[in-house]
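> One structure coming up, written as structure tokens, with questions to follow.
The values are calculated or read from the model by the stated rules, or taken from the named source; none is laboratory data. Quantities reported herein were computed from a predicted structural model and do not represent experimental measurements. Cβ: placed from backbone, ideal geometry, glycine included. Neighbour counts: every protein chain shown. Calculation scope for accessible area: heavy atoms of the full protein, side chains included, ligands and nucleic acids excluded. Shrake-Rupley method; radii C 1.70, N 1.55, O 1.52, S 1.80 Å.
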Amino acid sequence: PEPPLRRNRKRPPPEPPQEGVMALCASCQTLFPGVSLPPQRRCRWLCPDCRAQRRDFNREQRFYKRVGCGTCQACRIPEDCGICSACARSAPGAAPGRAPKCLLRR
């Protein structure tokens, strides 16, 4: 009896960059020659400058989500409302960092 055939699940090796291959930055729409992209269906390639801007923006947004901006309407509310679903779930003696944040103050 012959052994059953196995499927190979490994990806094929990446192709070497070809002449005339160009990548288009999804943000600034600049063409970059000689960039080989992975064979993914939804590949949204960013040039190094746009990628750095995106990282800085995401880092800033994470900071504001954790600390708060202090100027928007939600940041100006000093205390939890006590009636939303997040306030109803949190125990009165729970640590403030562990409890879900009030929906009005998000």
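> If I ask for residues that are within 14 Å of LEU103 (Cα to Cα) and loosely packed, with under 10 Cβ neighbours inside 10 Å, which ones from segment 33-83 would you list?
If the condition is that a residue be within 14 Å of LEU103 (Cα to Cα) and loosely packed, with under 10 Cβ neighbours inside 10 Å, then GLN73, PRO78, GLU79 are the ones that fit.
> Okay, next question. Answer yes if at least one residue in segment 28-49 is at pLDDT below 70, assigned to a loop (DSSP other than H, G, I, E, B) and at positive phi, and no otherwise.
no
> So which pairs qualify, if the first residue must be in segment 42-65 and in contact (Cβ under 8 Å) with a residue 24 or more places away in the chain, the second must be open to solvent by 100 Å² or more (accessible area, probe 1.4 Å), the Cβ gap must be under 9 Å, and the two must be at least 6 apart or on different chains?
none
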